Each structure stands twice: as C-alpha cells, then as structure tokens.
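J.: Next up is a structure, given as structure tokens.
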Amino acid sequence: MRIVILGTGAGGGLPQWNCGCPNCKAARAGRIPSMTQSSIAVSANGTDWALVNASPDLRVQMQAVPALAPAELRGSPIRSVLVTNGDIDHVAGLLTLREGQRFDLFATPAIHGVLADNPMLGALDPRLVARRDVALDQPFDLAPGLSAELFAVPGKVPLYLEGEAVETEVMGEQTVGVELTANGRRVLYVPGCATVPDWLRQRASGADALLFDGTLWTDDEMVRAGLGAKTGRRMGHVPVSGEGGSLGAFDAVPLSRRIYVHLNNSNPLVDPDSPERARAEAAGWQIGHDGMEIVP
Ligand code: MLT
Ligand code: MN
Ligand code: ZN
C-alpha cells in the first residue's frame, strides 16, 4: 500500500487567506511549511489510485504527485474518490474533477444526500461519475487490490448545515473514519473525530498506521488566540493535548506509526521548532506534511 498525504491542513489551510496569526505569517514568510487542505491519495499497486477526500486545493495537490498524472491523451489513474464527511474542505475538490472523467464516488447514504442537495455538483456527469452508497462496517473495493471499510466516529453535520442546536458527538453516517487494507497492511484514516472512545482505541490497536485528527493542540486555542469563538470539541475535533486529548488517549495503543493530519493553522504543531511538536514526537507521533509518503 502506498499513501500520499496531498494536504495536511484543516479547512482554510496554512496560511489561511484572511489570517494574520503568527503561524500564517510564518508560513507566508517561508519560515514554516505551508499546508494545503485535507486529503490523501492511496494505492495498492502504484497504478490505480483512490482519493480519500477532495479538497479545494486538489488541482495543485495532484500536480505535485507524478503518479497522479494521466498516462494517456485524456485519462487519470484516479479510479475513485471517497469522502469521509460533507465538509467543504473534503468535498469542494469534487468540482475540480468535472472534466468528463470516469470514476466512482463513494460515501455513506447520508453524505451522498448532502452532495445530491447541491446542484453545482451536478457538473459531475452521472454517466461517468457513479455515486456509490457505502454502508457502515461493510468492506468494499475502493480501487484494485485496495479494500476500505467505513466506521462511524463521534462527529457532527457539516458546518453549513448546522441548525440552532448542534450535537457534536453524534455517531452515524455524517462523519466516518476509514480502515484501508491492501497486501496484508491495515491503515486507519480519521481526519475528523470529536472524542476518542474505547472502541476506537481497540479498533486502531495493531494497525500499521493511524492518520488521525490533529486539528487543534488545545481545545480552546482559537478562542485564546482571538481567532474565533469556538472550541475544537464544538467543531467536532478532539484536541491533541489535555484531558481526553488524542495524545493521551492513544498512548498505550500499539501502532506501527501514528501521524497527525487535518492540522489547523492555529496549531503549534505546524511549527517544526515548537516545544509542542517535540512533545508529540517524543510520544511517538509524526506530524504530517504535504507530499508525505507512507508505505506501511
Ligand atoms: C471542519 O473540519 O471543522 C470543517 O472543515 C470546517 C469547515 O467547514 O471549514
Ligand atoms: Mn475540516
Ligand atoms: Zn492563521
């Protein structure tokens, strides 16, 4: 199995267009690496690829990965796209894939419902782009030699569908994790998750890699930095540090590799020289970066 992290950033990326926080300034100045928005590409054979999530930065992300270039006059090695929720950072890139290319679009029925409600996505010709419903907890073929299984994780509906009251730890079809298996390897990809329940620790145990939600270091870091009014948990993202944080939650879980993805621009982990990064690395975590290759 080969995985390429196309984008390591959360919604907005790094730098975010309207943000002047220290990290965004440092990224603009080239002092720390920039990040495009959340997506990975996966292949079992190096020839046929699946995208898991399609970010608004998809066009530029694909340009950086030679394996994703067409081998023929018109074509693409991308056989399928799977989306793990309906968030804009995970689906807006579908509009980049509208130029008459055949692929399968996999999602839960609930997420397909959200996509079907958006008339702009009708630009994906239904004769070419098959929208395939995926039931939770049922393995399916995502690409040749590559199996995937979706599982519900605590989360919420997309931000643009939030009503007055929002439940942030709903288990259902709106926010899922993916277990990828190929050639005897097993990788979990969970870019959005509101808490780390015991069953998730057990499910992840023994995996060849876990790519996990690293949106925020501290639950209230955006509030304290004056960047917003919401905590991570309110946004459906468990923080890395602190009580109930993912660093501690996965501490005793055996994993060959553990990698943070979906990092918000406010997160001190995006600075390679931060003490927070040193702490996460000392606990066995790697911090994802755009273009990072994982061969589990
Ligand atoms: C999230 O991960 O919380 C969303 O991507 C936020 C957004 O839609 O910008
Ligand atoms: Mn997101
Ligand atoms: Zn910023």
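J.: Just to be sure I understand the filter: pairs with C-beta atoms under 8 Å, separated by 6 or more residues or on different chains, first member in segment 58-76 and under 15 Å from Gln37 (Cβ atoms), second member outside any helix (DSSP H, G or I) and acidic (Asp, Glu). Which pairs pass?
T.: Gln61/Asp290; Ala64/Asp290
J.: Scan segment 272-279 and give yes if some residue there is within 16 Å of ligand 2 (Cβ to nearest atom) and either at pLDDT 95 or above or crowded, with 16+ Cβ neighbours inside 10 Å (or both), otherwise no.
T.: Looking for residues that are within 16 Å of ligand 2 (Cβ to nearest atom) and either at pLDDT 95 or above or crowded, with 16+ Cβ neighbours inside 10 Å (or both), one finds none in segment 272-279, hence no.
J.: Filter segment 6-28 down to residues that are within 16 Å of ligand 1 (Cβ to nearest atom) and surrounded by 23 or more Cβ atoms within 10 Å (Cβ to Cβ) and give me whichever is farthest from Val261 (Cα to Cα).
T.: Among them, the one singled out is Cys24.
J.: Looking at Leu200, Leu211, can you tell me which residue is touching a Lys or Arg at 6+ places or on another chain (Cβ under 9 Å), aliphatic (A, V, I, L, M) and within 21 Å of Val253 (Cβ to Cβ)? Quick ask: steps written out before the conclusion?
T.: Values: Leu200 fails: touching a Lys or Arg at 6+ places or on another chain (Cβ under 9 Å).
Checking each option against the conditions leaves just Leu211.
J.: A further question follows. Name every residue in segment 147-178 that is part of a strand (DSSP E or B) and either out of contact with any Lys or Arg (no Cβ under 9 Å at 6 or more places or on another chain) or more than 26 Å from Ala44 (Cα to Cα) (or both), in order of residue number.
T.: Answer for segment 147-178, where residues must be part of a strand (DSSP E or B) and either out of contact with any Lys or Arg (no Cβ under 9 Å at 6 or more places or on another chain) or more than 26 Å from Ala44 (Cα to Cα) (or both): Ser147, Ala148, Glu149, Leu150, Ala152, Gly155, Val170, Val176, Val178.
J.: Give me the residue from segment 84-115 that is within 12 Å of ligand 1 (Cβ to nearest atom) and part of a loop (DSSP other than H, G, I, E, B) and, out of that set, nearest to Leu146 (Cα to Cα).
T.: For segment 84-115, the residue satisfying everything is Thr84.
J.: Let me ask something else. Quick one: which of Ala92, Ala69, Ala44, Ala54 is surrounded by 15 or more Cβ atoms within 10 Å (Cβ to Cβ), away from ligand 2 (no atom under 16 Å from the Cβ), among the small types (Gly, Ala, Ser) and at negative phi?
T.: Ala44
Every residue, every condition in (1) of a type in the set (D, E, K, R); (2) away from ligand 1 (no atom under 16 Å from the Cβ); (3) surrounded by fewer than 23 Cβ atoms within 10 Å (Cβ to Cβ), yes or no:
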position: Thr181; (1), (2), (3): no, yes, yes
position: Val187; (1), (2), (3): no, yes, no
position: Val190; (1), (2), (3): no, no, no
position: Asp198; (1), (2), (3): yes, yes, yes
position: Arg201; (1), (2), (3): yes, yes, yes
position: Gly206; (1), (2), (3): no, yes, yes
position: Leu211; (1), (2), (3): no, no, no
position: Ala225; (1), (2), (3): no, yes, yes
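J.: Can you list residue pairs whose Cβ atoms sit under 6 Å apart, with the first residue in segment 214-227 being closer than 22 Å to Ala249 by Cα and the second being part of a loop (DSSP other than H, G, I, E, B) and aliphatic (A, V, I, L, M)? Count only pairs 6 or more apart in sequence or on different chains.
T.: Once the first residue is closer than 22 Å to Ala249 by Cα and sits in segment 214-227, its partners that are part of a loop (DSSP other than H, G, I, E, B) and aliphatic (A, V, I, L, M) give Gly214/Val240; Thr215/Ala10; Trp217/Val240.
J.: Okay, moving on. Looking for whichever is in a loop (DSSP other than H, G, I, E, B), within 18 Å of the chain's Cα centre (by Cα) and at pLDDT 95 or above here; the options are Gly46, Gly12. Which one fits?
T.: Gly12
J.: Could you give every pair whose Cβ atoms fall below 6 Å, whose first residue belongs to segment 35-52 and is over 16 Å from Arg185 (Cβ atoms), and whose second residue is small (Gly, Ala, Ser) and part of a loop (DSSP other than H, G, I, E, B), counting only separations of at least 6 or pairs across chains?
T.: Hits for this filter: Met35/Gly13; Thr36/Gly13; Gln37/Gly13; Gln37/Ser55; Ser38/Ser55; Ser39/Ser55.
The values are calculated or read from the model by the stated rules, or taken from the named source; none is laboratory data. Predicted model only: the values in this text are computed from it and were never measured. Glycine also receives a Cβ, built like all others from the backbone with ideal geometry; neighbour counts cover every protein chain displayed.
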